[in-house]
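The values are calculated or read from the model by the stated rules, or taken from the named source; none is laboratory data. Just so we're clear, the structure is a prediction, and the values are computed from it rather than from any experiment. Quick reminder, even Gly has a Cβ in these numbers, built from the backbone with ideal geometry, and neighbours come from all protein chains shown.
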Protein chains: 2
Amino acid sequence: MPSSIAPGPRLTRLAQTLPATVPFVGPEAQERAMGHPFTARLGANENVFGPSPKAIAAMEKAASEIWMYGDPESHDLRHALAAHHGVKPENIMVGEGIDGLLGYLARLTVEEGDSVVTSEGAYPTFNYHVAGFGGTLVKLPYHDDREDLPALLDKAAETGAKLVYFANPDNPMASYTPGADITVQLDRIPDGTLLALDEAYVEFAPAEAVPEIDINDPRVIRFRTFSKAYGMAGARVGYALAAEPLITAFHKIRNHFGMNRAAQAGALAALADQPYLAQTIADVAHAREEITRIAAANGLKALPSATNFVAIDCGAGAELAGQLLKELVARGIFVRMPFAAPGNRCIRLSCGRPRDLAAFEAALPEALAAARDAVG
Amino acid sequence: MPSSIAPGPRLTRLAQTLPATVPFVGPEAQERAMGHPFTARLGANENVFGPSPKAIAAMEKAASEIWMYGDPESHDLRHALAAHHGVKPENIMVGEGIDGLLGYLARLTVEEGDSVVTSEGAYPTFNYHVAGFGGTLVKLPYHDDREDLPALLDKAAETGAKLVYFANPDNPMASYTPGADITVQLDRIPDGTLLALDEAYVEFAPAEAVPEIDINDPRVIRFRTFSKAYGMAGARVGYALAAEPLITAFHKIRNHFGMNRAAQAGALAALADQPYLAQTIADVAHAREEITRIAAANGLKALPSATNFVAIDCGAGAELAGQLLKELVARGIFVRMPFAAPGNRCIRLSCGRPRDLAAFEAALPEALAAARDAVG
């Protein structure tokens, strides 16, 4: 062995170059720093309305069975999802949230120097995983507060991209692209490029947001989750829908015993309770209207939302939005904001229960005045 | 783009070469194939005695809070573990079971062609992750039904290995190496080699099994879990203990929001209930004696065990052991067996409750006779 080698681990060349940044700081860290909990937890796009009581009951029941590993095949959940979507179980990959599945996707496709196309300000955890496998991110701006699929595909062709990330509806702007406008773009996906269609929020969107895509189309992988409309972010259950060969590839690298057993049971029960899902969607729609009303009452403009959160345009650029975020956080209201221009003229607020929105409504005027004072 | 590229994903060169094999088939898949559940689930080294009632209560309570993501820093659990082990929180990495952490470790250290040393028949999920990142596994035989640390370190020096895997106590043979015998080997770890010390079962072992290792020693990373002694396999909570620079590297690649919120709460409560852990360890010790007695009554020899499972030497090589396994499974008793010679002369049975062992005891004579008939 060369004498220059030190005791201990030799990290890969890639691992040595990775930054220590993390995609998001959690609200718990902010609460610890403040010394008290948030009054309203509306920053993480969580679904404050929570899961179906039947899902809660299933998870409670599973707690006493937690000595058993979860089924590594997630058989029951996968079959239920297949029936729900009218596809084969072999078209479905269940994993530890969309985050976990995006990590697997990056690992399967991205080698050092490979191009991957996304939008400036789109989901940072996707970028984190791509960078983590050495991919080169090419970012295009939003267009009218939407991710611009035709432009992303043009850039994919230009750069020979392995992956194109496209969220519909979008996070953080809450906009959506009609499904028909996506379907018409499929033939423009370059050979050798995979479209990663993140539909985490699609249950909240109008029906027309959902594109028709043949499950056997090798050009697309879709991602869905139990974290948003089903109200189970803390359970970590997401799934991918794709042609069977790509799903098979996931099985070669995934953590086969990675799924929490209670989470599997909860997701299965949540999926079966579609009436509760419909009620949640209605509750969220009402909360969107309330947020829009509260924003308008304070002279701010809520952007149209197809999700369970709303981007509120503060009307004066990133500095005011950032200051308003700080003032709200200081008043116990956990919100976040888009990372990149021009979205960062906004703050982003999850749809809350009446008591959450009442706390927001009570805090906003003073927070806004303080933010305007601070920005000058 | 070259015209030879097809529509759809281009997997990495490595991903294209990976086999479709999986480390383990779950008991649920076997139950589905049989059409009925197992009478006794004793094959997966699960802890049938289950978690502390306080952990169950914590997970039940967390079910209704599951709309919130888990704390991405696992702050409370990490701090409690630090206090428990007398180290800093920065020395602890909480992850989705040891399986998930081994995957991260392989990713951090293994590049294509890198040598990694382990034992023939040792934990296959470690091998799965190493192969998944392109590592070249070098395997040494067990010595007296133990993993042979001095020989593993010699081989690491010879091959310039990035990692050496060593489980103490061992799975699948249930043997252990005295901690003092490990400590004395530390200075023989080659520069640039990291010893991955898997202590998944260590709470069941005699106190002398635990080696003294400075937490700041860069040559070692230790793995512990809530899946075994704490009875929470389905929750997916493991942790690593290592020097701070290595823990920091995990943060650069891990799935930051990968931890199930209820699992975090359950693990915290389980750790706090050390009296329950002591009772579990006593129950398991009693079950080991029972298994030894049942084996002897059938003319078989149980190997000494420092874990919550027992390897039973069937006395006639792999063929009889494999057939006995099949006969037990056919009679509703889920067991597994070591994969490699000479361990595969044994079947491996988890320590069960009295009713589990009664079912095993009732099935064994007939299963053994049938196995001997079949092998001839």
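Test of understanding: among B:Arg41, B:Arg10, which residue is surrounded by 20 or more Cβ atoms within 10 Å (Cβ to Cβ), over 30 Å from B:Ala285 (Cα atoms) and at pLDDT 95 or above? Break it down stepwise before answering.
Working: B:Arg41 fails: over 30 Å from B:Ala285 (Cα atoms).
So the residue among B:Arg41, B:Arg10 that is surrounded by 20 or more Cβ atoms within 10 Å (Cβ to Cβ), over 30 Å from B:Ala285 (Cα atoms) and at pLDDT 95 or above is B:Arg10.
Out of region A:232-265, which residues are facing chain B (nearest Cβ under 7 Å) and within 22 Å of A:Pro51 (Cα to Cα)?
A:Met232, A:Ala233, A:Gly234, A:Ala235, A:Arg236, A:Gly258, A:Asn260, A:Arg261, A:Ala262, A:Ala263
If a residue has to be charged (D, E, K, R), within 22 Å of the chain's Cα centre (by Cα) and closer than 30 Å to A:Glu73 by Cβ to count, how many in region A:264-307 make the cut?
Summing the residues that are charged (D, E, K, R), within 22 Å of the chain's Cα centre (by Cα) and closer than 30 Å to A:Glu73 by Cβ in region A:264-307 gives 0.
Within region B:74-90, can you find the residues that are touching a Leu at 6+ places or on another chain (Cβ under 9 Å) and either more than 23 Å from B:Ala262 (Cα to Cα) or surrounded by fewer than 18 Cβ atoms within 10 Å (Cβ to Cβ) (or both)?
B:Asp76, B:His84, B:His85, B:Val87
Can you pull out the residues in region A:98-111 that are part of a loop (DSSP other than H, G, I, E, B) and crowded, with 22+ Cβ neighbours inside 10 Å?
Of the residues in region A:98-111, the ones part of a loop (DSSP other than H, G, I, E, B) are A:110-111.
Hit for region A:98-111 is A:Val110, nothing else.
Let me spell it out: the conditions are (1) within 14 Å of chain B (Cβ to nearest Cβ); (2) over 30 Å from A:Ala278 (Cβ atoms); (3) among the aliphatic types (A, V, I, L, M), and A:Leu137 meets all of them except one. Which number is the exception?
All conditions pass for A:Leu137, except number (1).
For A:Ile213, state whether it is touching a helix residue (DSSP H, G or I) at 6+ places or on another chain (Cβ under 8 Å), more than 22 Å from B:Val25 (Cβ to Cβ), more than 9 Å from every other protein chain (Cβ to nearest Cβ) and not polar (S, T, N, Q). Lay out the reasoning, then the answer.
On the way: touching a helix residue (DSSP H, G or I) at 6+ places or on another chain (Cβ under 8 Å): yes; more than 22 Å from B:Val25 (Cβ to Cβ): yes; more than 9 Å from every other protein chain (Cβ to nearest Cβ): yes; not polar (S, T, N, Q): yes.
Against the criterion (touching a helix residue (DSSP H, G or I) at 6+ places or on another chain (Cβ under 8 Å), more than 22 Å from B:Val25 (Cβ to Cβ), more than 9 Å from every other protein chain (Cβ to nearest Cβ) and not polar (S, T, N, Q)), A:Ile213 qualifies.
Please go through region A:54-73 and pick out each residue that is crowded, with 21+ Cβ neighbours inside 10 Å and more than 7 Å from chain B (Cβ to nearest Cβ).
Answer for region A:54-73, where residues must be crowded, with 21+ Cβ neighbours inside 10 Å and more than 7 Å from chain B (Cβ to nearest Cβ): A:Ala55, A:Ala58, A:Ala62.
Being under 26 Å from A:Ala44 (Cα atoms), within 14 Å of another protein chain (Cβ to nearest Cβ) and touching a residue at least 40 places away in the same chain (Cβ under 8 Å): is that true of A:Tyr201 here? Lay out the reasoning, then the answer.
Details: under 26 Å from A:Ala44 (Cα atoms): yes; within 14 Å of another protein chain (Cβ to nearest Cβ): no; touching a residue at least 40 places away in the same chain (Cβ under 8 Å): yes.
Criteria not met by A:Tyr201.
Tell me, which residue of region A:13-36 that is within 21 Å of B:Ala106 (Cα to Cα) and surrounded by 12 or more Cβ atoms within 10 Å (Cβ to Cβ) is modelled with the lowest pLDDT? Quick ask: steps written out before the conclusion?
Step one: of region A:13-36, the residues within 21 Å of B:Ala106 (Cα to Cα) are A:13-22.
From what's left, surrounded by 12 or more Cβ atoms within 10 Å (Cβ to Cβ): A:14-15, A:17-18, A:22.
Numbers: A:Leu14: 96, A:Ala15: 95, A:Thr17: 94, A:Leu18: 95, A:Val22: 74.
Applying the filter and picking the extreme gives A:Val22.
Taking the condition touching a His at 6+ places or on another chain (Cβ under 6 Å), assigned by TED's automatic domain parsing to the domain that holds A:Ala242 and within 24 Å of A:Ala151 (Cα to Cα), does A:Ala106 pass? Can you show your working first?
Values: touching a His at 6+ places or on another chain (Cβ under 6 Å): yes; assigned by TED's automatic domain parsing to the domain that holds A:Ala242: yes; within 24 Å of A:Ala151 (Cα to Cα): yes.
Taking the combined requirement at face value, the residue satisfies it.
Could you list, in sequence order, all residues of region B:74-107 that are under 30 Å from A:Lys252 (Cα atoms), within 12 Å of another protein chain (Cβ to nearest Cβ) and not acidic (Asp, Glu)?
Step one: list which residues in region B:74-107 are under 30 Å from A:Lys252 (Cα atoms), which gives B:74, B:92-107.
Now restrict to residues that are within 12 Å of another protein chain (Cβ to nearest Cβ): B:74, B:95-107.
Passing the criteria: B:Ser74, B:Gly95, B:Gly97, B:Ile98, B:Gly100, B:Leu101, B:Leu102, B:Gly103, B:Tyr104, B:Leu105, B:Ala106, B:Arg107.
Could you check region A:112-179 for strands (runs of 3 or more DSSP E) lying wholly inside it with 2 or more residues that are more than 22 Å from A:Thr17 (Cβ to Cβ)?
Filter on region A:112-179 gives A:163-167.
Quickly run through region B:331-371 and pick out the residues that are free of Cβ contacts under 8 Å to residues at least 60 places away in the same chain, within 29 Å of B:His143 (Cβ to Cβ) and not in a strand (DSSP E or B).
The answer is B:Arg345, B:Ala371.
Please go through region B:115-168 and pick out each residue that is of a type in the set (Val, Ile, Thr) and out of contact with any Phe, Trp or Tyr (no Cβ under 9 Å at 6 or more places or on another chain).
Step one: filter region B:115-168 for residues of a type in the set (Val, Ile, Thr), giving B:116-118, B:125, B:130, B:136, B:138, B:159, B:164.
If the condition is that a residue be of a type in the set (Val, Ile, Thr) and out of contact with any Phe, Trp or Tyr (no Cβ under 9 Å at 6 or more places or on another chain), then B:Thr136, B:Val138, B:Thr159, B:Val164 are the ones that fit.
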